[in-house]
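Okay, structure first, notes after.
Any read-out appearing in this document is the output of simple, stated calculations on the displayed coordinates, not a laboratory observation. Every value quoted in this text rests on a predicted model; they were computed, and no experiment measured them. Don't worry about glycine lacking a Cβ; one is built from the backbone with ideal geometry, like all the others, and counts go over all protein chains shown.
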Amino acid sequence: MADRSSPDLRHGARAHLDLALASSEIGVWELDPHNDIAICDLRHDQIFGYPEGTENWTFERFITHVDPEDRDRVTELQREAVTNARSWKFTTRINRADGSAGWINANGMPLCDEFGTVVKLIGHIIDVTEIKRDEERLRLYTAELGHRVGNMLALISAMMRLSSRGATSVEQFAAASESRIASLSRINRLLVGPDAVAAAPAQLLTAELAPLGPLAERVTARGLETMRLPGKPAESLSLVFHELLDNAVRHGALSVPQGRVEIIGATSEDGDVTIDWHETGGPPPAPRDALRQGFGTMVLSSAFHPGGDVTWDLGPGGLHATITLRMQQTRITEPSRTGGTEAFETALGSASRGDAMASSEGPAAPEGARPQAPDIPTILLVEDEPLISMDMSEMIADHGCRTLGPAARVGDALALAEEPIDAALLDINLIDGNSSEVARRLHARGVPFAVISGRAAGASLTGPGTRYGDVPLLIKPVAAHEVHAILDQLLAKD
């Protein structure tokens, strides 16, 4: 048996230890606390940004690499270790010699003489930068997932509330709700994923045609294959396709054997998208005075606000609709500091419209502004999801208030914030930024406001100690009674 005390074995064991330390991203150190002189290995130095190593380590030099926000905490831990002969353990951010940032886990323990006096501190550090980055990515993904789930639930909630207003029976409401939720599910599958940054209108149409079976053979499309739309416009277009097809099946060209639908897409030189929907061979349209507006009409009226619109009319063979997407307005850009829009009285008044689409979903939805007395409170609504805007506008009106907006962009919201208003409801995340600048303006004017968010936490505009004090926070999906209670609270402050 080999002699374990032999120099060769000791040298080999040391080499294996060095290899283990290097491969595990561990750097070792020891510190004489009385003269502040430290000895560190090469891996320790490399973690701090010295690839060839460095000399003259001291605790004072070490602390200069620690993030300024953590220096007092780390200094106190070192002092307690020396004074009270305690082990220490901490995680801190560091600033490397090359200017990059990192994270380390540090562990140390005191070595004492026979009198219990600390004569040396020994320990190690572990580079945990990648672990921390992964944790941050996971935190961001989790927050974004929560935000998207909250928005999706709010969208479904708004869709069901708006559908229920025109439903003529429980069965009709259930069938309509089921088909619309299925449509949202289809667009979600297309848009969610690591590479799903844009969708082709052709894909959206194919997904909506799939449940129609043989009827889909009577729908032809061209010019859609090369188009690409980002998430929000793609989601709106999917809903519009769904409502147009639903109307065609129930009332239009696809409700009779000889009917057909032709869809033609085109892109202008400046990138704007136009999609023409033309039905032929359909039944005679209903008398103009018998047409009623339902959820489908509301979707067409406001689905692309503020970056597009849908116009339509009823011809002898069915519906003719033109979808226009002004892509410069649908792209995410830096928040606008100038400009504005007209103050739309309700979400339904925000889009260009033709004659109403035939619908069996009940009484007509309100069009344009509800008649308002001069002393009725005015509520600024800042929300970039059209269906949620429509739903919120209905809630505001049901509470006896007038809606100013909705504004989906920072610049539009800032313009409307200068109007005479009694309170405001602000969605945090908008098409082109967030509502912080709008909140500052409202605060400066003394206008009370509440924040609407899909995130239960992290709403930086709200809570005690924030810039604006204890601002009320509504978490999506929002119930009508919650909106009414918040409005009472805001108007009481006013």
Per-residue HN-Hα couplings for the stretch 304-319 [Karplus 6.51, -1.76, 1.60; θ = phi - 60°; Hz; x = Gly/Pro]: 10, 4, x, x, x, 7, 10, 10, 7, 8, 9, x, x, x, x, 7
How do Asp36, Asp375 line up, fewest other C-beta atoms within 10 Å first? Asp375, Asp36
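What ranking do Cys40, Cys112 get, fewest neighbouring Cβ atoms within 10 angstrom at the top?
Numbers: Cys40 22, Cys112 11.
Lowest to highest Cβ neighbour count: Cys112, Cys40.
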For the stretch 378-444, diffusion coefficient by Stokes-Einstein and Kirkwood Rh (Cα), 20 °C, 1.002 mPa s, µm²/s: 184
³J(HN,Hα) across the stretch 275-283 via Karplus (A = 6.51, B = -1.76, C = 1.60, θ = phi - 60°), whole Hz, x for Gly/Pro? 10, 9, 10, 9, 9, 9, x, x, x
When the Karplus curve 6.51 cos²θ - 1.76 cosθ + 1.60 is applied with θ = phi - 60°, which whole-Hz ³J(HN,Hα) does each residue of the stretch 441-453 get, with x for Gly and Pro? 5, 5, 4, 5, 7, x, 8, x, 8, 10, 9, 10, 8
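Based only on other Cβ atoms within 10 Å, what is the fewest-to-most ordering of Ser389, Ser185, Ser453?
Details: Ser389 27, Ser185 11, Ser453 24.
Listing Ser389, Ser185, Ser453 from fewest to most nearby Cβ atoms yields Ser185, Ser453, Ser389.
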For the stretch 379-438 versus the stretch 27-101, the gap between their alpha-carbon centres in whole angstrom: 51
